[in-house]
Structures are given as structure tokens and as C-alpha cells.
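Laboratory data are not the source of any read-out in this text; all were calculated from the coordinates shown. Note that this is a predicted model, so its numbers are computed, not measured. Counting neighbours? That spans all protein chains shown, and the Cβs are built from the backbone with ideal geometry, glycine included.
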Amino acid sequence: MGVRASEIEQGRLHAPTRSTAQRSAWRSPAWRQVRVLVVTVLAVAVPAVASASNFGSGGGIFLAEDSTPGIARLSLTNGFVNAVTYVATSVYDPTDLNSSVQANQTNCADALGHDVCAFDDAYGVTGWLGIMDCVGTPFGADPTVRCTRNRVRFNLSYVATVNSPHSVACHEMGHAVGLRHTALTSSCLSNVGAFPPVWNAHDVAHVNANY
Ligand SMILES: [Zn+2]
């Protein structure tokens, strides 16, 4: 089974090559009009979906393996070192999650206790600023499929002008524990423009109900 990605930025949906993964996106302003159109179409096509839930596996989202995620920092530049550590201590740990950060890791592996592996690099004009996927073993059934090892990557080829590394890390690391997109700009899981580097009370309630 191939890698399944849950996050795209800046128009990845329109890239000519992509995996079979279902992808969900927030995009740069240039794509906003397209995104709004897509959201509108979905809203019309799936009127029965009344739930406001933005939590659960499916579409490339996987819950973390357990409530004590080991977060491996691999080859991160300073901005994202700080951002990943911030999310661990100030976003994850105030909830029922109890994370640990493993600095200066060179491999991403279950055997090393890694549950969330964070990388940054100049990945090129990929269409995404940040992306999350399961690179370990999925287990369980939707909507609570967990992955033994979720990977988050931050693309230094793009300059994030709208959101800080803290906000982008909050967003991707939110996906890595099962949070999905929301239109609410009170959460870093927002897929609408700028968002703060925090989860809102709704996100926290979902996380606490599942860990
Ligand atoms: Zn996302």
C-alpha cells in the first residue's frame, strides 16, 4: 500500500501527478476561488452530512498510535524545530495527549519509538507547503484508524507568507492525531486563509474523547 497523504497546500489537487490518496487542502490565495467552488460543489453533493465533526480517520487522516506520541525531529531547520517543539508542549500536552520530543533523530522508525516524524526540506514546487501521511502500519477501522507512524513534512521551497511555521506545524501535527479541516478560523486546522497556532475548544474536545 502506498503512502497516503492527508495534507496539501497551494493547489496540489491540480498537480498532474499525485498518488491515489484522497487529499484535502488549504491553498494559497491564488487558489482560493477554486477551493470555494469545490467546497460549494461538495456541500451540494453531500447534503446528508450534517455532522460538524472535524475529527476521524479517512481521506488520508490517521489517528496517532496512542496518547503518548513520540515526536521525532529529523533534519529540521531552526524555524520548524521551534515550531514542532511548540506544538508538542503547547498544543498537544495541554490536552489528554502526553507527548515526548526526540531531538536530532536520523531515522524515522517504529523501533525507535517514533509515532510522529517531522521533517523539513526544500521539496521543490510540489504544490504543498505542509503534508501529513502514514508511513507506518495502519490499524483499526474508520473513523478511528490509527497509524503506528505518521509523518509530517514542511516544504521550505515555499515562503509561508500567510501563516507562521508555528501555525503550519499546528495544522499538520493536528492531522497527525486525527484532526481534519475546519472552516473555523479559531483553529489552526482551518482551511480558510490565515489561522492561529492553536486548536480551538472543539478540536480539544475531539482529541480528549479519543486519547
Ligand atoms: Zn490540512
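For the residues H202, H114, H166, what sequence is obtained by ranking on other C-beta atoms within 10 Å, fewest first?
Ordered from fewest to most neighbouring Cβ atoms within 10 Å, H202, H114, H166 come out as H202, H166, H114.
To make sure I understand, if each residue's beta carbon is the centre and we count other beta carbons within 10 Å, what order do V101, V135, V116, V159 fall in, fewest to most?
Ascending number of Cβ neighbours within 10 Å: V159, V135, V101, V116.
What does the charge add up to near V87, with Lys and Arg as +1, Asp and Glu as -1, over the other residues with Cβ less than 10 Å from its Cβ? Write down the numbers at each step before the final one.
Working: positive: none; negative: D93, E172.
With Lys, Arg at +1 and Asp, Glu at -1, the neighbours total -2.
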